[in-house]
Amino acid sequence: MNWAVTTYDSAFGYVSAHGAPLVDLLDPQPGERVIDLGCGTGAFSAEIAERGAEVLGIDGSAEMVAQATTMHPGLSFVVGDAHDFIVGDSFDAVASNAALHWMTRDPDAVIGRVHAALRPGGRFVGELGGAGNCAELVVAMQTAWRVFGLGEPELPWYFPSPAEYAVKLEDAGFTLRLLEHADRPTRMTEGPNGAADWVRAYAARALADVPPELVDPLLSRVNDLAAPALRRESGWVADYVRLRFAAVRKPDGATVMPIGAMPSDPPL
């Protein structure tokens, strides 16, 4: 799987976008003001700041923000919901690394708040799980839940297709410059017990309603089901599929036209 649109231009500097670190795609410049949306413990914020930009990290978890503040005392972090955050001044860029797929309540609202936070011409750069992300892991979970007579597991992610997310960005007032959708198998590092530990780390919500005495046998079954596709001699691999994009806020007053629509003919 590899779906890409590349109309990449000088708005983002010159980098090889595919496989490049997200900070290179963002290309923050000294003195720019950048929001790291879904900053977690601040590692990506620190990378941006190393390029000389002024960074504001925003995350919905007070615990994460507290850790980020402790680990990176020279940077600014605040608790905020990506669906309704407001900033006083316009920013040059908003970036988000492996966080947008957790913002499931209203993805359109998130994009709208990003648009409002940017100056005209400001950049929105991100990477999130795309359609097909963790497909083998999800199927193993769903099958195991059925085997144990449990209801469908509650999955806490939003993994859009490239076309779906492109439409959302364009409809919100962005011009899309780059969009990639590609497989990225990744070694599991969450724990020694493969898919079971991955579920504990990233799908805890789905385990919350499972009777305690069933959790261990349930996760053992998840491992059995996922192993043929995801266990290698060198260890477990997560079947990640990433959606990476770069977009620019359109100038104020620009017409927002759905993808595929054509402007009317000029008057004669």
Problem - Whole-number D in µm² s⁻¹ for the chain, Kirkwood Cα-pair radius fed into Stokes-Einstein, 37 °C, 0.692 mPa s - result: 164 µm²/s
Practice task
Determine ³J(HN,Hα), in whole Hz, for all residues of the range 218-225 in sequence, where each value follows from phi through the Karplus function 6.51 cos²θ - 1.76 cosθ + 1.60 and θ = phi - 60°; x replaces Gly and Pro.
Solution key: 4, 5, 5, 5, 4, 4, 4, 6
Handout entry: Considering only the chain, percent of DSSP beta bridges that pair antiparallel, nearest 5
Key = 60 percent
Practice task
Starting at the first residue of the range 155-165, write each ³J(HN,Hα) from the Karplus equation 6.51 cos²θ - 1.76 cosθ + 1.60 with θ = phi - 60°, in whole Hz, x for Gly and Pro.
Solution key: 9, x, 10, 10, 10, x, 6, x, 5, 4, 6
Practice task
Can you tell me the 0 to 90 degree angle between the C-alpha axis of helix 135-147 and the longest principal axis of the chain, rounded to 10?
Solution key: 40 degrees
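For the range 91-153, what % of the accessible area comes from carbon and sulfur atoms, probe 1.4 Å?
Details: 1060 of 2110 Å².
Solvent-exposed carbon and sulfur of the range 91-153 make up 50 percent of the total.
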Practice task
Just need the relative contact order of the chain here, percent rounded to a whole number, with Cα pairs under 8 Å and 6+ apart.
Solution key: 21 percent
Fill in the blank from the handout: One finds the C-alpha centres of the range 116-131 and the range 48-101 to be spaced, in Å, by 14 Å
Handout entry: Label-to-label distance, nm, for residues given as Glu63 and Val237 (7 Å Cα→Cβ offset)
Key = 3.2 nm
Handout entry: Inter-site label distance for Asp252 and Arg200 at 7 Å from Cα along Cβ, in nm
Key = 5.3 nm
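The values are calculated or read from the model by the stated rules, or taken from the named source; none is laboratory data. The model shown is predicted, which means the values in this text are computed figures rather than measured ones. All Cβ positions, even for glycine, are placed from backbone atoms using ideal geometry, and neighbour counts span all protein chains on display. Note: accessible area is taken over every heavy atom of the protein model, side chains too, but ligands, DNA and RNA are not part of it. Shrake-Rupley method; radii C 1.70, N 1.55, O 1.52, S 1.80 Å.
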